[in-house]
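A short reminder: the numbers here are calculations on the coordinates, not readings from a lab. Here the structure is a predicted model, which means the values were calculated and not measured. Here the Cβ positions follow ideal geometry from the backbone for every residue, glycine too, while neighbour counts run over all protein chains shown.
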């Protein structure tokens with residue numbers, strides 16, 4: 001059983017264990033209807049967003065995909081008894097478009113109201129932080145400093161933090177990279193000498209570690225909840241997937257997958273009823 005903080009009480013851990021036990025039968029009860037809804041072609045077509053390096057990685061030498069989302073997709077296919085087709089994308093926005101066009105069965109992307117209008121999401125299985133990177137000599141010190149007239153923020157187009165900042169920024173200007181994947185927003189920030197760049201903390205920190213002229217803000221402007229999504233309209237699949245996610249959080253599967261892929265900064269999301 002995975003408990004992130006040593007200070008969690010025995011009572012809380014017992015409650016989580018109870019939730020896992022309750023979820024297990026539901027996740028194990030595979031019916032033909034569940035399989036048809038999740039893998040209508042006989043193969044589970046699972047989107048893997050390589051634009052989020054915390055959730056998925058690609059070995060440049062072998063081309064092999066890895067990470068917590070890959071592990072979950074393969075485990076889901078195993079439970080359903082169907083082969084898995086891992087479909088890589090460079091950005092979450094492209095995943096969403098492919099889901100809309102019926103090209104995918106499941107996706108591992110961040111929960112966002114704009115996406116939830118068309119997709120059914122499970123509860124999150126991982127939480128990651130989004131924050132800003134600025135230059136060392138920048139006058140921007142806090143999150144509030146960023147949302148001011150004249151400040152330009154580079155973001156990855158269609159990313160969860162792009163959608164969030166679009167709703168919440170009132171004074172600064174959002175400048176979007178052509179894609180939400182990889183380090184496109186960092187390249188935009190550098191090339192256009194913008195005032196700040198928004199992104200997942202680990203991705204920004206990876207760049208800042210190579211460039212001593214940059215710094216990462218301590219505070220986060222949002223937690224980015226990563227979840228499993230399927231097209232709306234499925235009758236039984238949503239409940240099955242919710243149980244599947246809760247079981248794999250509570251059992252330690254998600255925590256182990258993060259550890260194997262070296263993502264020590266990501267946090268397993270709390271259990272959900």
- Bridge type composition, the chain - antiparallel percent by DSSP, nearest 5: 60
- In whole Å, how far is the Cα centre of region 59-80 from that of region 133-165? 33
- Distance from a point 7 Å along Cα→Cβ of residue 103 to each backbone N in region 160-186: keep the residues under 16 Å and list them by number. 179-181
- Antiparallel as a % of all DSSP beta bridges within region 128-222, to the nearest 5? 55
- Item | Coarse-grained scattering of region 157-273 at q = 0.21, 0.23 Å⁻¹, given as base-10 log I(q)/I(0) from a Debye sum over alpha-carbon atoms | -1.25, -1.35
- Query: Where the convex hull is taken over the Cα atoms of the chain, what is its projected area averaged over directions, in nm²?
  - Reply: 15.2
- Item | Cα radius of gyration and Dmax for region 128-222 (Å) | 11.6, 32
- Query: What shape does region 35-100 take by its C-alpha gyration tensor, where a ≥ b ≥ c are the square roots of the eigenvalues and a/c under 1.5 counts as rounded, a/b above b/c as prolate, and the rest as oblate?
  - Reply: oblate
- Note on the structure: Both in Å, the radius of gyration and Dmax of the C-alpha trace of region 60-153 are 18.2, 56
- Per-peptide average of other Cβ atoms within 10 Å, ordering 68-74, 149-155, 222-228 highest first: 68-74, 222-228, 149-155
- Cα axis of helix 10-28 to longest principal axis of the chain: angle in degrees, 0 to 90, nearest 10? 60
